């Protein structure tokens, strides 16, 4: 429970000091304790917010209309509530909370996590190491050979058989299911399994910065806040293995202009990477990216 | 701004203390100051809530799905976001904030306000004093003669020409536009104009308690909180006059079993009324209800 339930922000003493606790007390006995905790805190913060800013009827009604419009904009391939919570920083914060494990010393840190975002697909196919995720070439795409090693955070040994799941927008800034005219399903998606040395290697694109959709409530909210809708260019990865805690994250080219003001607050320093010039028969760029996983249940050198 | 932005609730020191201010600082310079104030406070409280309960990814995603479902349940005649904010107490709180005018002494109080609710209609017809709002009799309806005087809070004199707008559910617990099979438009709605003595009089029903709809997200939320969906029986009124501050409120029979646990928290002590036995050719009950209005701009005896 918040400690400021009955005092709130500016001027809240002008208002009934018992109201919030009366609302919370109407909850019945047959409730999960965790649900009671979460909803009591949520109600307290909603009320404290309203008292703190002395929310007007018109502002409240604007919020009501906004929330209705969020659901009405969502479809099977568009999750507007997800996007709104992203532009408010909530998914990134939830990700931080979930991944509060920090290596006790600075020698080996687990790879930073970042948000999943709304574009991951459970249907991405397995592909062989050395193959490409580019099914539908885009004339502006710059092909990159990406490779690295998945390593045990504790032993420092490579992890064979880890699944390296990668997805990215094409060079027009759109993911496959946003762009059925130009992309076939699973274009720029794929799962790779690390070899006996914990290594993966594949071809993808240097990522392209893109704008969130500009036709819905999330963009209305950004406009209201005088914020741009741009995400820095990024590659999504999700690395899993049955014996390790998974890592979902995003990688950003170091020269991207939107790193500081990412519209969903998902950039972290150690996720900014350097694409290097390279030359083989497929690629003109190279990216080496190594991932560290911590064993499930391991708490020895880790805060928790 | 909340004073606890960087400290939050339990355990928040485990999390990046700069995150919330970084999100707020991405707002641009071209923003209404009031919008900046409201959204900064909203973002701070959302983040503090998430840190305080250490919101999990699954809980956050349940919230995302819930918000999408709210908008998808709303239609032209059903405002689910309005209803959800009502069951969380928010409309009642916004009403309290808006109507913080309190008479300085106990001699004459302005009539307490209560929430508008989602069933007011701008299209209710004017009717003559002495007429009925019952267009479609319900066999379980108990007809009541309702009457009273609209009085100036400061001078104590009656207010001629005030508009007394009344609406209520029928004896089946449904409003006209929820019940097109049994009710014609504007059944149990009407506007009356006070006579030269500030008096109105009309026939209506003794009100009937009813359940909020049980097929949508608001009811899912009530179920999660182990709360009932009942509103105590009530009559809505909205009293207006060009020279006075309007009053929107609800009146509740004193013997209603749901007064203490109204699902939208709209009951106030001075809005609980006594229906008395009565006998004329139309009615078996009588309700006298007098309303006090304060002049627009008047601050003499009133806190503000």
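Nothing in this text is a laboratory measurement; each read-out follows from the coordinates by a stated rule. A quick note: this is a predicted structure, and the numbers were derived from the prediction, not measured. As a convention, Cβ positions derive from the backbone with ideal geometry for all residues, glycine included, and neighbour counts pool all protein chains shown.
Tabulated results
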| item | result |
| --- | --- |
| Mean separation of Cα contacts under 8 Å, 6 or more apart, over the residue count of the stretch A:134-276: relative contact order % | 23 percent |
| Cβ nearest the rotation axis (B onto A), residue from chain B and distance to the nearest whole Å | B:71, 1 |
| Rounded to 10°, Cα long-axis angle of helix A:57-73 versus longest principal axis of chain A | 30 degrees |
| C-alpha long axis of helix A:33-53 to longest principal axis of chain A, angle in ° | 70 degrees |
| Kirkwood Rh, Cα atoms: Rg over Rh of the stretch A:173-304 | 1.01 |
| Fraction in percent of alpha-carbon pairs per bin - 5 Å, the stretch B:31-91 | 4, 14, 14, 21, 23, 16, 7, 0 |
| Cα-derived Rg over Rh, computed across the protein assembly as shown with Rh taken as Kirkwood radius | 1.08 |
| The protein assembly as shown: antiparallel DSSP beta bridges as a percent of all, rounded to 5 | 75 percent |
| Among A:163, A:143, A:64: highest mean-square fluctuation, GNM of chain A, C-alpha pairs under 10 Å | A:64 |
| DSSP-defined beta bridges in chain B - what % are antiparallel, rounded to 5 | 75 percent |
| Length-normalised contact order of chain A in % [C-alpha pairs under 8 Å, at least 6 apart] | 21 percent |
| Cβ-Cβ FRET estimate between residue B:136 and residue A:184, R0 fixed at 60 Å, reported to 0.05 | 0.55 |
| Shortest-first nm distances, residue B:126 label point to equivalent points in other copies (7 Å, Cα→Cβ) | 7.9 |
| Position residue A:255, label points 7 Å along Cα→Cβ, spacing to each other copy in nm (shortest first, one decimal) | 8.3 |
| Ratio of the Cα radius of gyration of the stretch B:181-230 to 2.2 N^0.38 Å, where N counts its residues | 1.83 |
| Modelled FRET efficiency - R0 51 Å, residue A:278 with residue B:35, Cβ distances, 0.05 increments | 0.60 |
| Shielding score for B:83-92, defined as the mean number of other chain Cβ atoms within 10 Å | 5 |
| Distance between modelled label sites at residue B:58 and residue A:197, nm, 7 Å Cα→Cβ extension | 4.0 nm |
| Whole-number percent relative contact order across the stretch A:106-215, with pairs defined as alpha carbons under 8 Å at least 6 apart | 39 percent |
| Residues of the stretch A:169-203 with amide N under 16 Å of the 7 Å Cα→Cβ point at residue A:211 | A:172-175 |
| Computed helical MRE - 222 nm, the protein assembly as shown, DSSP H runs ≥ 4 contributing -39500 (n - 2.57), nearest 500 | -7000 deg cm²/dmol |
| Debye equation applied to the C-alpha atoms of chain A, log10 I(q)/I(0) at 0.11, 0.16 Å⁻¹ | -0.81, -1.32 |
| Approximate spin-label separation residue B:18-residue A:128, in nm, with each point projected 7 Å along Cα-to-Cβ | 4.7 nm |
| Centre separation in Å (Cα based) which lies between the stretch A:208-270 and the stretch B:29-57 | 19 Å |
| For residue B:30, inter-copy label distances in nm, listed shortest first [label point 7 Å out on the Cα-Cβ vector] | 5.5 |
| Most fluctuating residue given options A:30, A:197, A:182, as computed from a GNM of chain A linking Cα atoms under 10 Å | A:30 |
